[in-house]
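Beneath this line is the structure, given in structure tokens, with notes to follow.
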Amino acid sequence: MNRITGLVLTYNGERLLDEALASLSFCSELLIIDSGSSDSTLGIAKKHNARIVHNDWSGAIEQHRFAVTQITTPWVVTIDQDEIISPELAKNIIKKLNNPEDVDGFYCARKSWYFNRFILHSGWYPDKLFRIYRPEGITIGGIRPHEELRPKTKAGNIAGDIIHYPYENFNQHLEKINYYTQDAAEDLYSRGKRGSLAGAVGHGIGKFFKQYLLKMGFLDGRAGFIIAVHGFFYTFQKYIRLTELELKDKK
């Protein structure tokens, strides 16, 4: 079988890292790019015989670009520290990479748990992601705070899900919204984008109706409604913080 690196970017990821690395056990080697964890993350990585490389955090985009420079195998499978490769996906990755197609890599679906269920609507599923790739066949971009991995030329698909447990509780979700919206607003401002109160409200309402109605979030029960409300809050915060940055510069 082709040699594969299982790649995880970490920072204080002890909550699910053990399960994440165990799900990558089919890989030839495990690579951790850590940005200064102070919990048991590094101990868990050592338990799985992972190679650990420290790199200070400068955003997900730059961190992943650095990670690719550390790869020595023909293939990479990358997941976040709160994700798990399902048995079906692991089986299909092994099968595909035993006789790979002439592609830069493969997309697979991600299924996320939120509140009390796996979300199957709300724009959250199947959430196809380019997570299995050749190091020379990837482009890394996106808008902060999230990176976007894409093939340089063409990609295939692999059946099976990455299982995602993004938030331990609502408190953690709100903490991430606070961080992500500030980072996103700063990135938009650096690109010349500007905001307003009316724009922030309008974008927020649009996000709610897109997730809850157009993406059928109502079929996800209470969890779908909560996701749509948080979608409104996230989007409103992003654009009102963009306005705040403009006002700050005018002082």
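Some notes on this structure:
- Report note on the peptides 120-129, 144-153: ranked by the mean count of other C-beta atoms within 10 Å, highest first, their order is 120-129, 144-153.
- The Cβ shell under 15 Å around F225 holds other residues with a net charge of +4, Lys and Arg each +1, Asp and Glu each -1.
- Accessible-area composition of region 141-182, carbon plus sulfur, in percent [1.4 Å probe]: 48
- Residue-averaged 222 nm ellipticity for the chain, from DSSP H runs of 4+ at -39500 (n - 2.57), nearest 500: -12500 deg cm²/dmol
- Projected-area average for region 5-102 over all orientations - Cα convex hull basis, square nanometres: 6.2
- For the chain, the longest principal axis of the alpha carbon atoms and the long axis of helix 60-69 meet at an angle near 20°.
- Degrees, to the nearest 10: 170-190 long Cα axis against longest axis of the chain: 80
- Cα→Cβ-extended label distance, 7 Å offset, between Q172 and R3, nm: 3.4
- The residues of region 131-251 have, on average, 56 Å² of accessible surface per residue, using a 1.4 Å probe with all protein chains present.
- Within straight-line cross-link reach of K152, lysines at Cα separation under 17 Å, skipping those fewer than 8 residues along the same chain: K128
- In the chain, one over the average inverse separation of all distinct C-alpha pairs is 19.4 Å, which is the Kirkwood hydrodynamic radius.
- For the residue pairs K111/K210; K96/K238; K95/K207; K47/K238; K47/K176, alpha carbon separations beyond 30 Å are given by K96/K238; K95/K207; K47/K238.
- Ligands, DNA and RNA left out, the accessible area of region 1-137 computed with a 1.4 Å probe is 50% carbon and sulfur.
- Dipole of the chain, positive end: most advanced residue of L97, G231, S196 [Cβ charges, Cα centre]: S196
The values are calculated or read from the model by the stated rules, or taken from the named source; none is laboratory data. Keep in mind that this is a model prediction, so the values were computed, not measured. Glycine gets a Cβ as well: all are built from the backbone with ideal geometry, and neighbour counts include every protein chain shown. These area figures cover heavy atoms from the full protein model, side chains too; ligands, DNA and RNA do not enter into them. Shrake-Rupley method; radii C 1.70, N 1.55, O 1.52, S 1.80 Å.
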